[in-house]
Amino acid sequence: MGEVILDVKGLKKYFPIAKGDKKGLFVKAIDGIDFDIREGETLGLVGESGSGKSTTAYNVIGMYHATAGQMTYKGHDISMASAKRELWLKRDMQMVFQDPGTTLNPQRNIKQILSLSLEIHNMVDKSDPTGQLLRLLDMVGLPAEYLYKYPMSLGGGERQMLAIARALSTDPSMIVLDEPTSSLDVSVQAKIINMLLKFQKERNLSYLFITHDLSLMRNLATKVAIMYLGKIAEVAPVEAFFSRPRHPYTQMLLSAIPVVSEEEEAAKQNKVESQGEIPSPVNVPKGCSFNTRCRYAADRCFQDDPVMREIEPGHCVRCHLADG
């Protein structure tokens, strides 16, 4: 694996509440997280709805301005407001959203959508501009006759392929993928995942892949980070993550993966029954934020917030009892 391309330290994002008796409180969407991504690596960021995954993605890409913390990309500090981001950074770090229907202008055809991105970054092939667009379509498996179609005339999978083509058009080094397959059927999901793996290998791309689907991570991610209530609970290389999960929350998520046979059920390690609901990020429990759902919680877990610590090379856990 190559050098670190993105390094995030102590990232926080708080949203103020300015209504009624909650005025002066904050939604702690991200509450001090650390992670890094290397060249050619995929970090799978996983967690339940409301854990802070998408907010992390929006901070990395520059849609949100972080409350605190530092982000370094290719040695450059990018911890500033998105409006101040330089053009090279916007070109080199792209994003694919969950619902392409909300990010593709319905009033523009595919030729106009792809051309706009190339024009903004001064990357139009003036000798053959139409050929450049057709090559982008062919790269993601869309036929040439789609060039003059509009997004709403395409299926969901085709719209997502168009969004990926737009992201790749600027020849980025890193792509942030916010649940890009969650709204698609299984066959289309597989096609897009295989496409992303192919592009990563050919272009040495780095991915930050946001998802709630752990099954995707086994064959897609290089390492996996688990988010819970705005914090990272565990981060590990993908093999260690699935074979030696150490945080009770990770064990609970892995236990909830659907299986189709008794053999698969018996193969599950550290089976922990899912219990409770994720608390409000406005009223985070004192001590470990997972203590309200953890069957192992001890007195210390209700008093002291654990810190992330490395228990084996590359495998870090935020839990008081990870050694037990």
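The values are calculated or read from the model by the stated rules, or taken from the named source; none is laboratory data. This structure is a prediction, so every number in the text was calculated from the model and none was measured. Glycine also receives a Cβ, built like all others from the backbone with ideal geometry; neighbour counts cover every protein chain displayed. These accessible areas exclude ligands, DNA and RNA; they are computed on the full protein's heavy atoms, side chains included. Shrake-Rupley method; radii C 1.70, N 1.55, O 1.52, S 1.80 Å.
Placing one equal scatterer on every Cα of segment 191-242 and applying the Debye formula, the log10 ratio I(q)/I(0) at q = 0.20, 0.29, 0.32 Å⁻¹ is -0.76, -1.24, -1.34. Relative contact order, whole percent, for the chain stands at 19, derived from Cα pairs under 8 Å and 6 or more residues apart. The per residue volume of the convex hull around the alpha-carbon atoms of segment 30-92 is 98 Å³.
Between residue 36 and residue 68, the modelled label-to-label distance comes to 2.3 nm, taking each label 7 Å out from Cα in the direction of the beta carbon. Sorted into 5 angstrom bins from 0, the C-alpha pair distances of segment 166-227 split as 4, 15, 30, 28, 16, 6, 0 percent.
Amide H to amide H distances under 5 Å link residue 78 with 71, 72, 73, where only residues 5 or more positions off or on other chains count and H is placed in the peptide plane. Annotation: peptides 277-286, 311-320, ranked by per-residue average of other Cβ atoms within 10 Å with the highest first, follow the order 311-320, 277-286. For segment 41-71, the residues whose amide N sits under 18 Å from a probe point set 7 Å from the Cα of residue 25 along the beta carbon direction are 50-52.
Residues 111, 231, 126, ordered by accessible area of protein heavy atoms at a 1.4 angstrom probe radius and largest first, appear as 126, 111, 231. One decimal place: the segment residue 144-residue 219 gains 23.9 nm when fully extended, by the rule 0.36 nm per residue minus the C-alpha distance.
For the chain, set up a GNM with springs between Cα atoms under 10 Å and report which of 196, 87, 168 has the largest fluctuation. Answer for the Gaussian network model of the chain: 87.
A protection proxy built from the mean count of other Cβ atoms within 10 Å ranks the segments 247-257, 296-306, most packed first, as 247-257, 296-306.
Percent of Cα pairs in the chain per distance bin of 10 Å, from zero to the largest separation: 5, 24, 32, 24, 11, 3, 0. Taking 0.36 nm per residue of separation and subtracting the current Cα-Cα distance, fully stretching the chain between residue 304 and residue 90 would add 73.0 nm. Distant-in-sequence amide contacts of residue 315, defined by a placed amide H-H separation under 5 Å and a gap of 5 or more residues or a different chain, comprise nothing. Cα centroid separation, segment 37-64 to segment 106-170: 26 Å. Estimated at 0.36 nm per residue, the fully extended path between residue 256 and residue 127 surpasses their Cα-Cα distance by 41.0 nm. Where in the chain are the DSSP H helices whose alpha-carbon span along the long axis reaches 20 Å or more and whose Kyte-Doolittle mean is at least 0.0? Helices passing the filter in the chain: 186-203.
In the chain, the calculated helix contribution to ellipticity at 222 nm averages -8500 deg cm²/dmol per residue, counting -39,500 (n - 2.57) for every DSSP H run with n ≥ 4.
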